[in-house]
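As structure tokens, the structure follows; a few thoughts come after it.
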Amino acid sequence: MPSGASQLSSDFEQVQQTLELYPSITIVKTSGEPPDHYEIEYRVRGYVTSPDGSVAVGEHHLIRIDLPFGYPHFAPTVKPLTPLFHPDIDPDAIRIADFWEKNPALAELIIHIGEMITGSCYNTREPFNPEAAKWYASHRDELPLDSLQIADIIDSEEPDDLLPEEDSFAELGLMDEDPEEEEITVEDLIDLIRFRFEQGELAGAAEKLAQLPAGTEFPGREEIEQALDEAMQRAQALFNESKALEQQGKLQEALNLLGRLDEIVADYPGLDELRQRIQESLRLTRGVDPEQEKSKPRAAEESATPPPPPKGRKAGKGRSGIGRAGLRIAILGLVICLAGGAGYLYFQDKSNLEEARTCWQQVRKLAKAGEYTKAEKIARELEKTLGAILVLRSDKAALEEKLTRLRSTRDYKEGLRGRVLYQGKYIDAALAKILLEYDRLVAEAQGLREKGEISAAMDALKKAQSLASSKGLKDQARDAGQELIQLRLAVTLREARDNVAAGEWEHAVEKYQQVLELAGGLDSPPPLEPVRQGLARASFKLALTRARKSFGDKQWTGTLAALGRAKSLLQAEPAIASPEEQQEIERLALDARLYQMLGIARRAYEEGNWDLAIGEYEKVLNFLREKKQASDELDDSVARVERTLLMVRIAREQREAAQATEAGDLDQALAHYRKILETISQSPFAGEPSLGSIAASVQERIAATREQLDIQEKTGWLEEHFREIFQEHYPSSRTSQLLNPKVTFLRREGNKMVFKLACAEKNQGRLFRLELDYQYDPATGWSMYSGQ
């Protein structure tokens, strides 16, 4: 097990650096190299116990800190060397376990003890010193008595100079920004373009397309741009034509054109305004049929024809000149009528031809889109329209020939039967549509995979598989499923390797396991041995990582469990660990087992179960001595545990001595104190200064206990003989009843012990108090105290 020398050295440096800031705290003495024993002096105001037992305020205090074996996993032992009066301090220890659990730092602990001494920190529940707890509770308003002042080592600065200018924050981008002004990303723009294009908002799509950075490419951009260009040109032509019709007063025709425009570009600029204006004009002129408006010019033309002559009127023979003129007029009128009729037929054919051409374009468009049934319906209307053309026969024949050619194609004939060409065969159109969509999704997935857009490729394959499954296409569903598994396997394997590179072992294990599961669903899985080796390596690293974490968290059982897992993996695959890692496993196992035993011993010590604590420390020693045969590096550890065991034995005797003293069994207390001296003298550490200090303290306790025994013995004698003493020195009390003796030790004067003896005198129903000072001189025995 490592000696922890680097930890001790680092903590010593940290303590020195920290105490430079606190002039009232000083390291008086250290021992060990690096130090594992400290004596610290505090020059602050704090409560102490005076020699006479009263509470006073002291300004110089001394403590000793011992760093035990297993530090910092186990808290230091802290003992006062001066009589501190505090709820969390007794003569043998300072309570620091709760603080150390939260903040295991030696420098911080030294500062914390200083705050305890000043009265800034104390606990009146379950105190070490109940008397001090009562005192602190009743003097709460006076606390703290002092504070730990930090040295003034920083030059003061003007507050304004310490604040950065506002411009500095702006330059660093730290000023608050309006969350509504977030910049849209290129991906968002592309999604918006596609959305508006699909919704028919082509003007908006074109606007967003122009906002893309130069050189930005995305799937389908070329097709979208071409469609936008064609649609916008057609829309512009329809818009201009609608405005012209509006100016001509042909409002309904203009409105119809705007309807066609709306189908092409729903958000064409000015469309809504023009439509609203035309609709408003139509409302103002409601009740007037547009067809009647068309017929007005014809009526005017008809009204211009001269009326027949009045009935009953005859031309006379003498009016031959007038008759010839009338004949010429009649002939001219006939010619005009014939010309008018021919013109009417021409314009009627022209209108029908325009309608026929429009129908033909619709037929072509529907046939191209595979909508053959709809195309045939329009084709029949086209035939009717062509039948009404009487003058423009060449144009009529051309359209009839085109329609005949289209109807004679196999695609058209099969289309009317609901069949289309798919991969060289005519199949049901609904099935072909599904297969084409399936092919499109698979091709899209392949393209996305080549571009590295794996997530999108997987989504496309999922859609393809779902489509095929829902339509009963088992082969296609299986093929898509196999492709999807292959893609998932590749992605998961890459993620596993990324996790390994990042040291994320738990995720790596999970991903490697997923790879093996996915491979089980493939008809032709790839070689899996590298995957199994990767899983073994990642599992080993995960177990080692968990062992390290559990060790750091002082979870020794968890550490040993994780190490057991690592060892079993190592036995199956010896190549998964480096020699350094194998050594680390052995070292961690040794340390964890050792700390586990030390933890049991420490808990037994803290609970006062001395026999268990000593037994566990002896187990630790036996364990270390056994391991020491294989490594000489454990000499220091053995010595430290032996010393710890010695201190536990001393602590047991001290606690039992204190309990005996509290119970009034001073003889038993003396026996325990003598046992401490014997234990120290027989140990190999007897020459250490710290043990010498303990021995000296125990000698003082022995002397004090003997003194207490002597006082106890003399007090008992006086209580037993108080009547004889008072009757001898107060003869008048011989006829009285003497009750309730009370003995108080006053002081020593040289070898003499001075006591105050008092009792109650009852005489004739009245009570009196009798007192006298009595002394004991070893040379002369008992006598009245004369004051000399």
Out of (1) surrounded by 17 or more Cβ atoms within 10 Å (Cβ to Cβ); (2) in contact with a Lys or Arg (Cβ under 9 Å, 6 or more places away or on another chain); (3) of a type outside the set (Gly, Ala, Ser); (4) within 24 Å of LEU746 (Cα to Cα), the one ARG701 does not meet is (2)
The stretch 72-86, subset touching an Asp or Glu at 6+ places or on another chain (Cβ under 7 Å) and in a strand (DSSP E or B), residue farthest from PRO51 (Cα to Cα)
THR77
Give the residue that is nearest to LEU148 (Cα to Cα), with candidates limited to residues of the stretch 9-27 that are over 39 Å from the mean Cα position of the chain (by Cα) and of a type in the set (S, T, N, Q).
SER24
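In the stretch 502-529, what residues are within 27 Å of ARG478 (Cα to Cα) and either in a helix (DSSP H, G or I) or among the basic types (Lys, Arg) (or both)?
From the stretch 502-529, those within 27 Å of ARG478 (Cα to Cα) are 510-529; that's our starting set.
Listed by number, the residues that qualify are GLU510, LYS511, TYR512, GLN513, GLN514, VAL515, LEU516, GLU517, LEU518, ALA519, GLU529.
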Which residues, taken from the stretch 198-238, are modelled with pLDDT under 85 and under 14 Å from ASP267 (Cα atoms)?
GLU198, GLN199, GLY200, GLU201, GLY204, GLU207, LYS208
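Scan ALA561, ALA592 and give me the residue that is small (Gly, Ala, Ser), assigned to a helix (DSSP H, G or I) and more than 29 Å from the chain's Cα centre (by Cα). Even if it seems obvious, please write down each step before you answer.
Working: ALA561 fails: more than 29 Å from the chain's Cα centre (by Cα).
Residue meeting the stated conditions: ALA592.
Answer yes or no: is there a residue in the stretch 92-104 that is buried (at least 22 other Cβ atoms within 10 Å of the Cβ) and in contact with a Lys or Arg (Cβ under 9 Å, 6 or more places away or on another chain). Please lay out each step first, then the result.
Initially, the stretch 92-104 is screened for residues buried (at least 22 other Cβ atoms within 10 Å of the Cβ), giving 94.
Add one more test, that the residue is in contact with a Lys or Arg (Cβ under 9 Å, 6 or more places away or on another chain), and what stays is 94.
Looking for residues that are buried (at least 22 other Cβ atoms within 10 Å of the Cβ) and in contact with a Lys or Arg (Cβ under 9 Å, 6 or more places away or on another chain), one finds at least one in the stretch 92-104, hence yes.
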Being touching an Asp or Glu at 6+ places or on another chain (Cβ under 8 Å) and touching a residue at least 12 places away in the same chain (Cβ under 8 Å): is that true of LEU493 here?
no
Could you list all residues from the stretch 22-49 that are of a type outside the set (Asp, Glu) and without any contact (Cβ under 8 Å) to a residue 12 or more places away in the chain?
LYS29
Single condition GLY259 does not satisfy, out of (1) more than 30 Å from GLU198 (Cα to Cα); (2) modelled with pLDDT of 50 or more:
(1)
Quick check: anything in the stretch 272-283 at pLDDT 85 or above and among the hydroxyl-bearing types (Ser, Thr, Tyr)?
no
Cβ contacts < 8 Å: first residue under 12 Å from LEU560 (Cβ atoms), restricted to the stretch 591-610; second residue polar (S, T, N, Q) and surrounded by fewer than 17 Cβ atoms within 10 Å (Cβ to Cβ), any location; separation 6+ or different chain. Result?
GLN596/THR557
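Anything in the stretch 696-748 that is within 18 Å of ASP777 (Cα to Cα), in contact with a helix residue (DSSP H, G or I) (Cβ under 9 Å, 6 or more places away or on another chain) and not in a helix (DSSP H, G or I)? List them, or say none.
Taking the stretch 696-748 first, the residues within 18 Å of ASP777 (Cα to Cα) are 706-719, 721-722, 725, 743-748.
Checking which are in contact with a helix residue (DSSP H, G or I) (Cβ under 9 Å, 6 or more places away or on another chain) leaves us with 706, 708-709, 712, 718, 725, 743-745, 748.
Listed by number, the residues that qualify are VAL743, THR744, PHE745, ARG748.
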Could we say that ARG548 is within 31 Å of the chain's Cα centre (by Cα), surrounded by fewer than 16 Cβ atoms within 10 Å (Cβ to Cβ) and part of a helix (DSSP H, G or I) here?
yes
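Tell me the helices (runs of 4 or more DSSP H) entirely within the stretch 87-186 that contain at least 3 residues that are over 30 Å from LEU212 (Cα atoms), modelled with pLDDT of 90 or more and in contact with an Asp or Glu (Cβ under 8 Å, 6 or more places away or on another chain). Break it down into steps so the answer makes sense when it comes.
Values: elements: 97-102, 106-118, 130-138, 159-162, 166-172.
Passing ranges, in order: 106-118.
Looking for something β-branched (Val, Ile, Thr) and at pLDDT below 85 - is there at least one such residue anywhere in the stretch 623-638? So that I can check it myself, show each step before the final result.
Restricting attention to the stretch 623-638, the residues satisfying the condition of being β-branched (Val, Ile, Thr) are 638.
Those left that are additionally at pLDDT below 85: 638.
Checked against the condition, which is being β-branched (Val, Ile, Thr) and at pLDDT below 85, the stretch 623-638 yields at least one hit.
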In the stretch 597-614, what residues are under 37 Å from the mean Cα position of the chain (by Cα) and buried (at least 18 other Cβ atoms within 10 Å of the Cβ)?
MET597, LEU598, ILE600, ARG602
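The values are calculated or read from the model by the stated rules, or taken from the named source; none is laboratory data. Quick caveat: nothing in here was measured; it's all calculated off a predicted structure. So basically every Cβ, Gly included, is an ideal-geometry build from the backbone, and we count neighbours across all protein chains shown.
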